[in-house]
Amino acid sequence: MELSNEELHLRLDIYQGPLDLLLHLIKINEVDIYDIPISLITAQYIEYIERMDSLNLDLVGDFLIMAATLTHIKSKMLLPAPEETKDDQPAEDPRMELVKPLLEYASFRQAAENLASMPLLERDVFTRGGEGLGTLDLAPGQALPRPEQRVAKSTALELVKAWRYLLEERGKEEPTLSFFMETVTIGEKIGKIRAFMIAYKTAHFQDLPRARNDNFDLALCFLAILELARTGFLRLWQDPGPDPLGPRLFLADPTAADNLKAMDYR
Amino acid sequence: MLKLKTIIEGLLFVSDAPLSLEQLSGLLEDKSIALDEIKGVIEGLNGEYSGGDRAFVIREVADGYQMRTIIDMAPYALRLKRNTPARLSKAALETLAVVAYRQPVLRAEIDKIRGVDAGAMVRTLLDKELIRVSGRREGLPGRPMLYSTTEKFLETFELNDLASLPTIDEIKDLFPQSEPRLF
């Protein structure tokens with residue numbers, strides 16, 4: 001019977017990887033991990049991956065590498081041990097190269113079980129409200145909360161998310177044909193946004209004056225607000241979850257961007 | 001004049017993130033109240049809650065204090081939120097465990113310990129904000145990224161700090177049944 005990719009995936013999901021499968025075989029055969037009957041385990045392991053019967057190498061690749069390792073260890077063990085080694089010490093059991101990673105993986109598998117047994121937020125325990133970040137809703141002109149009260153703990157990842165989101169939103173706009181090339185520098189863009197923000201105090205990203213359907217202009221806008229935020233002129237706020245109007249901008253310090261004028265942005 | 005106990009309880013009730021003793025102290029009018037006293041008040045509140053059939057208790061998470069429901073409330077809370085409970089796959093938990101115990105850790109090190117490509121899991125955990133890129137390993141070709149756990153990881157697993165995770169050796173004693181026969 002042909003198995004669909006999804007079914008195969010489910011069957012592979014039983015084991016987290018070759019080490020997981022090996023630990024399982026060691027357990028059901030009730031053998032000592034320091035004295036693995038390599039021939040038996042290799043045979044069972046190979047039988048198992050043959051049953052996977054898949055040409056999807058991505059899926060079974062890691063399992064195949066382990067099959068090769070097992071076969072290699074098996075062949076090493078069939079060879080007579082070298083009569084003497086450099087330091088006259090007994091040669092290391094070739095199975096050791098398997099035992100060390102197996103033991104290490106086993107301990108992390110237990111650590112994972114331990115994590116799963118802990119009181120998990122939104123499964124076992126709940127806090128008031130939902131997400132840790134509250135939403136911020138300000139009327140135009142209303143005083144900003146003090147920054148130390150409301151600083152979103154953001155990472156560069158959040159910026160990437162916001163940018164990808166803006167690109168997606170832009171894709172939804174009506175396609176238009178433009179017949180002329182506008183060459184706006186980031187300096188000019190900053191100037192435009194400064195004037196706009198001084199007039200409006202707060203705005204959504206979508207409100208900013210910009211050319212529609214122009215990725216370059218969108219990128220300029222994005223860089224401009226980042227630069228303005230860096231100087232302290234703007235404060236940016238991204239609500240958790242998608243906001244159709246994009247990140248929100250607040251005028252923080254109208255004088256903060258003054259020194260930007262002299263700088264070259266090209 | 002409100003009692004200190006009442007103010008602390010109210011602040012913890014209103015806050016949507018864990019509050020540290022320092023933050024709580026900063027919100028009081030009387031700046032002379034010692035952090036230890038606030039801590040004592042919180043312990044007192046917990047004493048009242050556990051004796052009073054309350055649905056919640058104040059937990060110490062991510063270096064702060066937060067009101068959380070007791071575990072027996074979970075089925076009711078889930079029904080209210082019409083949510084499927086938060087769930088992490090075995091693969092995600094294993095990856096998270098490696099990051100938690102080995103941080104800062106390279107992708108390649110995670111792959112090696114788990115014996116599989118951990119790329120997809122690392123992305124999932126980054127997306128859930130349980131891990132973050134904490135730097136780059138200088139001196140290696142391509143300066144590969146290093147991963148560490150986040151504050152949200154602590155909040156999610158009700159941990160006060162990383163030191164409150166049991167060590168790998170302690171875990172071996174906790175889960176003897178899952179261990180393959182070692183000797």
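B:Ala74: over 14 Å from the mean Cα position of the chain (by Cα), at the interface with chain A (Cβ under 7 Å from one of its Cβ atoms) and of a type in the set (Gly, Ala, Ser), yes or no? Criteria met by B:Ala74. Out of A:Leu78, A:Leu133, one residue alone is in the same structural domain as A:Leu40 (by TED's automatic domain parsing) and either surrounded by 15 or more Cβ atoms within 10 Å (Cβ to Cβ) or at pLDDT 65 or above (or both). It is A:Leu78.
Filtered by the rule that a residue be surrounded by 14 or more Cβ atoms within 10 Å (Cβ to Cβ) and either facing chain B (nearest Cβ under 7 Å) or of a type in the set (Ser, Thr, Tyr) (or both), the stretch A:35-52 gives A:Thr42, A:Tyr45, A:Tyr48.
Per this entry, B:Leu93 is counted among residues that are of a type in the set (A, V, I, L, M) and within 8 Å of chain A (Cβ to nearest Cβ).
Scanning the stretch B:96-112 for residues that are facing chain A (nearest Cβ under 7 Å) and surrounded by fewer than 22 Cβ atoms within 10 Å (Cβ to Cβ) yields a single hit, B:Tyr101. Note on the stretch A:216-246: residues that are modelled with pLDDT under 80 and under 24 Å from B:Asp127 (Cβ atoms) amount to 10.
Inspection of the stretch B:81-93 identifies at least one residue that is out of contact with any helix residue (DSSP H, G or I) (no Cβ under 9 Å at 6 or more places or on another chain), over 12 Å from A:Phe126 (Cα atoms) and basic (Lys, Arg).
The values are calculated or read from the model by the stated rules, or taken from the named source; none is laboratory data. Since we're looking at a predicted model, the values are computed, not measured. With ideal geometry, Cβ positions are generated from the backbone for all residues, glycine too; neighbour counts draw on all protein chains shown.
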